[in-house]
Structure formats: structure tokens, C-alpha cells
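This is the structure I want to talk about, given as C-alpha cells.
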Amino acid sequence: MAKMNREMVWLQCTETGDLNYRTEIKVSGGVQKIEVKKYSARLRKHTLHKVKRK
């Protein structure tokens, strides 16, 4: 089964601005606003990360 409706995006830390993680999201259904708490290596704690398209 092909992954047709998927797009690779970066997750950007809201505190440092670093692009720490890369993930796939579904494109169909409009723009998705994803906010996830992930680990920031620079700050050594979990921070809020948002989607950043390149």
C-alpha cells in the first residue's frame, strides 16, 4: 500500500527554535496544527514542539 497522502515535516522547539524531530503527517483534510511535548537536548527538558514545513 502506497503512502500517497503523507508529507514529511519538522517539529520545531518553541523555546530554542531548533528543528529536533522529523515526522510524517496526513495532508488530506486541510492544514493540521500539531503541538507535541518532546525532549529538547539543548535545554535538557521536555518542551512544546510545533510543525514547521520546509
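List, please: which pairs have Cβ atoms under 9 Å, are six or more places apart or on different chains, and start with a residue in segment 20-31 that is at positive phi and end with one that is part of a loop (DSSP other than H, G, I, E, B) and surrounded by 10 or more Cβ atoms within 10 Å (Cβ to Cβ)?
Every condition considered, the pairs that remain are GLY29/ASN5.
Do you know which of the residues in segment 36-48 that are part of a strand (DSSP E or B) and surrounded by 11 or more Cβ atoms within 10 Å (Cβ to Cβ) is nearest to the chain's Cα centre (by Cα)?
Among residues in segment 36-48 that are part of a strand (DSSP E or B) and surrounded by 11 or more Cβ atoms within 10 Å (Cβ to Cβ), the one nearest to the chain's Cα centre (by Cα) is VAL36.
Still on this structure: Looking only at residues in segment 25-35 that are modelled with pLDDT under 90 and charged (D, E, K, R), which one is surrounded by the fewest Cβ atoms within 10 Å (Cβ to Cβ)?
Once the filter is applied, the top-ranked residue is LYS33.
Can I ask one more? Can you find a residue that is at pLDDT below 95, assigned to a loop (DSSP other than H, G, I, E, B), over 11 Å from the mean Cα position of the chain (by Cα) and of a type in the set (S, T, N, Q) anywhere in segment 9-24?
The answer is no; no qualifying residue exists.
Checking ALA2 against (1) within 9 Å of the chain's Cα centre (by Cα); (2) modelled with pLDDT under 95, only one condition comes out false. Which one?
All conditions are met except number (1).
Just for segment 10-19: of the residues that are touching a residue at least 12 places away in the same chain (Cβ under 8 Å) and out of contact with any Leu (no Cβ under 7 Å at 6 or more places or on another chain), which one is surrounded by the fewest Cβ atoms within 10 Å (Cβ to Cβ)?
Filtering first and then ranking leaves LEU19.
The values are calculated or read from the model by the stated rules, or taken from the named source; none is laboratory data. Just so it is clear, the model here is predicted, and its values are computed rather than measured. In this analysis, Cβ positions are derived from the backbone assuming ideal geometry, glycine residues included, and neighbour counts consider all displayed protein chains.
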